[in-house]
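Worksheet: one structure, shown below.
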Amino acid sequence: MAMIVVLALPMLALFWAVGAYNRLVSLRNQFRNAFAQIDVQLKRRYDLIPNLVETAKTYMQHERQTLEAVIAARNQAASANARAAGNPANADAIQQMAAAEGMLASSLGKMFALSEAYPELKANQNMMQLTEELSSTENRIAFARQAYNDGVMQYNISLEQFPGSFIASMFSFKPAELLQATEAPEERKAVKVSF
């Protein structure tokens, strides 16, 4: 009987460790998948922005600097997103992406604010369609970010709770970074896309 107990305890410990490890791997893959959904929607937005700027350029000829700032912010955000998509568990890449997204939102906000002075632009059918698509995409991004943050929270909790903390330290699992709004108050405002 003692022999069975001596053999059973290591087997139970092994099953426990394998189960805890597999749970962490599963949770990590879930938040990475959630990030992939954000990535899809961000790429959709990045594809819309040049069309939006091109349409606005015809009417906003005196606002060239603003339009160029939007394209520059879009390119910077796309680059930061590509780095973060390569490894969503990289906290620095996620923080850089969030900052670049904040700058893009700020640039878009300025462009839309300036466009209020151009009634012909507001009435342009192509511009109305693009802003509607952008608004829809922004909603999808918000839902995808929420799913990502929920996945990251679940993963991080599992890293901190026992037995996950023990297994995480053994196999070098690192906490993931939440996608949070940047600190600048003007960057916390939603992009206004009404025409």
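The values are calculated or read from the model by the stated rules, or taken from the named source; none is laboratory data. Worth saying up front: this structure is predicted, and the values here are computed from it rather than measured. Neighbour counts are summed over all protein chains in view; Cβ atoms, including those assigned to glycine, are modelled from backbone coordinates with ideal geometry.
Values for this structure:
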{"item": "Flag for A93 being part of a helix (DSSP H, G or I), without any contact (Cβ under 8 Å) to a residue 12 or more places away in the chain, of a type in the set (A, V, I, L, M) and closer than 18 Å to F35 by Cα", "result": "no"}
{"item": "Some residue of the range 31-41 being buried (at least 18 other Cβ atoms within 10 Å of the Cβ), within 17 Å of the chain's Cα centre (by Cα), more than 30 Å from S172 (Cα to Cα) and not hydroxyl-bearing (S, T, Y)", "result": "yes"}
{"item": "Hits in the range 70-90 (condition: part of a loop (DSSP other than H, G, I, E, B) and either at pLDDT 95 or above or not hydrophobic (A, V, I, L, M, F, W, C) (or both))", "result": "N87, P88, N90"}
{"item": "Enumeration of residues in the range 58-69 that are surrounded by 16 or more Cβ atoms within 10 Å (Cβ to Cβ), more than 27 Å from the chain's Cα centre (by Cα) and assigned to a helix (DSSP H, G or I)", "result": "Y59, E63"}
{"item": "Helices (runs of 4 or more DSSP H) enclosed by the range 104-195 - at least 3 residues per element that are crowded, with 17+ Cβ neighbours inside 10 Å, touching a Ser or Thr at 6+ places or on another chain (Cβ under 8 Å) and modelled with pLDDT of 85 or more", "result": "125-160"}
{"item": "Residue in the range 18-29 that is small (G, A, S) and closer than 30 Å to S106 by Cα present", "result": "no"}
{"item": "Filter result for the condition that a residue is among the acidic types (D, E) and closer than 28 Å to L178 by Cβ, over E63, E138", "result": "E138"}
{"item": "Flag if E101 is more than 23 Å from V152 (Cβ to Cβ) and in contact with a helix residue (DSSP H, G or I) (Cβ under 9 Å, 6 or more places away or on another chain)", "result": "no"}
{"item": "Long-range neighbours under 6 Å by Cβ, at least six apart or interchain, first residue in contact (Cβ under 8 Å) with a residue 12 or more places away in the chain within the range 101-117, second surrounded by fewer than 19 Cβ atoms within 10 Å (Cβ to Cβ) and not in a helix (DSSP H, G or I)", "result": "G102/T182; A105/V191; L108/V191; G109/V191; F112/K192"}
{"item": "Boolean, N87 is among the polar types (S, T, N, Q), surrounded by fewer than 17 Cβ atoms within 10 Å (Cβ to Cβ) and on the phi < 0 side of the Ramachandran plot", "result": "yes"}
{"item": "Test for I49: is it within 18 Å of Q146 (Cα to Cα), in a helix (DSSP H, G or I) and at pLDDT below 95", "result": "no"}
